[in-house]
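This report concerns only the one structure given below.
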Amino acid sequence: MTDTPYTPAPAADFVLPFDLPDVGLRGRILRLDAVSTRALAAHPLPEPGQRVLAEALALSALLGSALRFEGRLSVQTRGDGPLNMLVTDYYAGGGLRGYARVDEEKFAATGSNAAFASLVGTGALAITIEQKGGAQPYQGLVPLSPDGLAASAETYFAQSEQLATILKIAAGPIYRSGEGKGWRAGAMMVQAVPGAKIGDIRTSDDWQRVNLFMQTLEDVELLDTDVPAESILWRLFHEDDVRVQPSQPLRFQCTCEAERVRTVLQSYSKDALKDLPDPDGVIRTRCEFCGSVYEFPLETLAD
Ligand SMILES: [Zn+2]
């Protein structure tokens, strides 16, 4: 025991790690509000697409914040459904951004079906970890589950990491007077500690009991900023002597830079660039993640 007073997790935009030492399990719970709202603000998407993007942000923060590394963890879906492009990035230290694209014609053809399976279609979930310093990037690929991102990520952990995992993810729109529509997301994961045999864990009484408790977790608990994260953990795991670690803040972060775009543009000849400028002679590029528009007058670029 230490004498350091415990600081409760904030209402949102945090991840809170915890341990269930008596049963050899660990986990984390998170909630996004301002971060998910900002990350989604740059993307005009139909609501089902926004929901999947908000859930993917939560998933990447859940996975990325568990790694001790300098770099980036990305969650991507690749499918043949209307949601044909989705990528979310978690940067070490708590930064998050995301981008998704929905083919409007294909989406209309599905009868605007909001179900995850019809939105993403058949495809794969890719989890990529890039470390700073040039180490070889790691990528894990699993088939997308028709049951959603959480089910897909459970498969990823079972196949790629041999770790028994239970995951819940929720996202929902929120309407605040004067501020328009925002998005919240919440997620929780319970996982065996590395080294435990996945088959042994899954058949243990403790695992099955914890799994049952996790199934009682409601979306509204994950999303309601009036429900403290510690109260959720206490409700579910007070019999298991749950121990929390300090929460970590999450924030919106985009790594785009005008100079990087300029360098790319400058690698082309004036002739190759001649069709790009607007009528006023300025090339405008837009960052797909944050919506920032960068302006480069053509005469400042090529010789
Ligand atoms: Zn950006």
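The values are calculated or read from the model by the stated rules, or taken from the named source; none is laboratory data. These numbers were taken from a predicted model, which means no experiment stands behind them. Methodologically, a virtual Cβ is constructed for each residue, glycine included, from the backbone with ideal geometry; neighbour enumeration extends over all protein chains shown.
Taking the numbered list (1) surrounded by 11 or more Cβ atoms within 10 Å (Cβ to Cβ); (2) within 16 Å of the ligand (Cβ to nearest atom); (3) on the phi < 0 side of the Ramachandran plot in turn, G291 passes all entries but (3). Put simply, of A109, A114 the only residue that is in the same structural domain as L40 (by TED's automatic domain parsing) and under 29 Å from R31 (Cβ atoms) is A114. Screening the stretch 145-263 for helices (runs of 4 or more DSSP H) wholly inside it with 2 or more residues that are within 19 Å of T37 (Cα to Cα) returns the ranges 219-223.
Only one of the numbered conditions (1) under 29 Å from E179 (Cα atoms); (2) surrounded by 16 or more Cβ atoms within 10 Å (Cβ to Cβ) is violated by M85, and that is (2). Restricting L273, L265 to residues that are of a type in the set (A, V, I, L, M, F, W, C), outside the structural domain of D89 (by TED's automatic domain parsing) and farther than 29 Å from L53 by Cβ narrows the list to L273. Annotation: of all residues in the stretch 63-115 being acidic (D, E) and part of a helix (DSSP H, G or I), the one that is nearest to the ligand (Cβ to nearest atom) is E104. Considering the stretch 264-288, and only residues there that are within 30 Å of W183 (Cα to Cα) and either of a type in the set (A, V, I, L, M, F, W, C) or assigned to a loop (DSSP other than H, G, I, E, B) (or both), the residue that is nearest to the ligand (Cβ to nearest atom) turns out to be C287. Of all positions in the stretch 151-165, at least one carries a residue that is on the phi < 0 side of the Ramachandran plot and either charged (D, E, K, R) or not assigned by TED's automatic domain parsing to the domain that holds D200 (or both).
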